[in-house]
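Some notes on the structure that comes next.
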């Protein structure tokens, strides 16, 4: 990314930050939402802990609360990667600001990526809050969460590959929004499947045997398992190589495919004159 | 110096998307095609205010969108300051400022200044210049008083001036204005027209491409006009030339007193005359349509005087742009 593009990307972030803080109570509501969600997981994990004991991944130390916390964190990033591009593009279309941006001497892909950047940063902030609040909550239990920093490298690598994969799908969804004016179906499908089958809230081992193969088709399954093993038990890259390899294949296919579909949709929308229509 | 805008044989055909049901039940029926622009050619000289006129659906906005690289043409080419819209998108966008009448094209929760700062970055202004440039434009467009207020609180006139300010951020030589006074009251519209003509065109030498169906506005501002109708360029020229399109015959209105008898047809060289004897004040209004450049007016006056008439006044009627427009597009909204 050139310095000029970085400055433009920052302008998007700053603009969206100003809009966000213009809603005076938004921050308090977000903070309240995080604390409420973590509290909810904390409360229910206490109930479910015993029932899921057998299928819990031993590598997470049998702590369901930690399991959920480190499932939700990557899941949140997957969600934003899947939805931010299409959602922001649609929002700018509907509010009427898209045309004003597209007549500026800035490349259209940068406009789309820049528009979504704040969502990624805000999600980072939210995820950090989840983890911090979760660690504080866990201090009041018999099994406090302890992070293993030696696995941070593997976790970051796994995480990056998952984001690249999801961004590829998210860009495809944005391309659908741009060309067909609808793109939610693909995202909703993956999102719902990931939440249910991706080992976010409960171990995939708890699923019926006939369903378990489907979870292996989802990038989030490898991510949640890999991130937990890295951060909660300290496994490194060599131990998590199979996860990394699968995610690398997902990213290597889906990211270029997403970019290709996006370019085609952009060309088609400009040809059809529907770029700013919704 | 290249022309500010060159449009050569420009064509745009939209293919209407078919519904899924239609595609499944009648796959052999080709998709409907709509021609928005067809063989449109003209040039705009640097420093000119060029009016793009036409009824709704004439193709004005499509043409402006091609120039702003929002739509790719099907045929022909369009150049802005010598840069091709198809192959040099960023250079074209650097040379053009787009003024839309859509108030929703700003972030309403941000202030005018914050909006301008954001768009200034997209227009490649260096960080150090953004603040000064925005302040300068806010001052020039008389927006400083409310610069730090939320955009949602601005009046329509201020919103439109903000649109002009945004289009000027990167100081482009060409401004495309799509019905800039559409939502303004007469006072705000007059203010904006004065700004366009006085400061932007005469003061800064900007080339202005003005799409409008406000004919009085075009008449006041534009040195040349193009009339588009159903995607085709019907007329192109100066206002004086435009009047000559409308007036195959010259029109005169004479007020006379003491007229006895009718005016004979042979005195008019094939022209037409109507006589309105008025409300009994002794003044008679004579309206004549005569062959231009001939002796018909002299003959008419001689004929009137021979019948005892005293010529009180004689004026030549200039065709309004409305008449020219109606003649070109065939009646109101081009429906005739």
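Does segment B:238-273 hold any residues that are surrounded by fewer than 13 Cβ atoms within 10 Å (Cβ to Cβ) and modelled with pLDDT of 80 or more, and which are they?
Matches in segment B:238-273: B:238 only.
For segment A:75-85, indicate whether the set of residues that are closer than 27 Å to residue B:90 by Cα and at pLDDT 85 or above is non-empty.
There is at least one residue in segment A:75-85 that is closer than 27 Å to residue B:90 by Cα and at pLDDT 85 or above.
With the requirement that a residue be touching a helix residue (DSSP H, G or I) at 6+ places or on another chain (Cβ under 6 Å) and surrounded by fewer than 19 Cβ atoms within 10 Å (Cβ to Cβ), what does segment B:84-103 give you?
Scanning segment B:84-103 gives a single hit, B:103.
Looking at (1) buried (at least 21 other Cβ atoms within 10 Å of the Cβ); (2) in a helix (DSSP H, G or I); (3) out of contact with any strand residue (DSSP E or B) (no Cβ under 8 Å at 6 or more places or on another chain), which one does residue A:133 not meet, given that it meets all the others?
Among (1) buried (at least 21 other Cβ atoms within 10 Å of the Cβ); (2) in a helix (DSSP H, G or I); (3) out of contact with any strand residue (DSSP E or B) (no Cβ under 8 Å at 6 or more places or on another chain), residue A:133 violates only (1).
Please go through segment A:1-26 and give me each residue that is touching a residue at least 24 places away in the same chain (Cβ under 8 Å) and more than 10 Å from every other protein chain (Cβ to nearest Cβ), ordered by number.
A:5, A:13, A:17, listed by residue number.
Please state which one of A:228, A:270 is within 14 Å of another protein chain (Cβ to nearest Cβ) and in a helix (DSSP H, G or I).
Only one candidate passes the filter, namely A:270.
Among the listed residues A:116, A:100, which satisfies the condition of being free of Cβ contacts under 8 Å to residues at least 12 places away in the same chain and under 20 Å from residue A:86 (Cβ atoms)?
The unique qualifying residue is A:100.
Is segment B:54-75 home to any residue that is facing chain A (nearest Cβ under 8 Å), in contact with a strand residue (DSSP E or B) (Cβ under 6 Å, 6 or more places away or on another chain), surrounded by 19 or more Cβ atoms within 10 Å (Cβ to Cβ) and under 20 Å from residue B:11 (Cα atoms)?
Scanning segment B:54-75, I find at least one residue that is facing chain A (nearest Cβ under 8 Å), in contact with a strand residue (DSSP E or B) (Cβ under 6 Å, 6 or more places away or on another chain), surrounded by 19 or more Cβ atoms within 10 Å (Cβ to Cβ) and under 20 Å from residue B:11 (Cα atoms), so the answer is yes.
Looking only at residues in segment B:98-107 that are at the interface with another protein chain (Cβ under 8 Å from one of its Cβ atoms) and touching a strand residue (DSSP E or B) at 6+ places or on another chain (Cβ under 8 Å), which one is farthest from residue A:93 (Cα to Cα)?
Going through the qualifying residues, I end up with B:98.
Using the structure shown, decide if residue A:81 is away from chain B (no Cβ under 14 Å), under 19 Å from the mean Cα position of the chain (by Cα), surrounded by fewer than 20 Cβ atoms within 10 Å (Cβ to Cβ) and in a helix (DSSP H, G or I).
No; evaluated as a whole, the condition is false for this residue.
The values are calculated or read from the model by the stated rules, or taken from the named source; none is laboratory data. On a predicted model such as this, the values are computed, not experimentally measured, just so you know. Neighbour counts run over all protein chains shown; Cβ positions are idealised from the backbone, glycine included.
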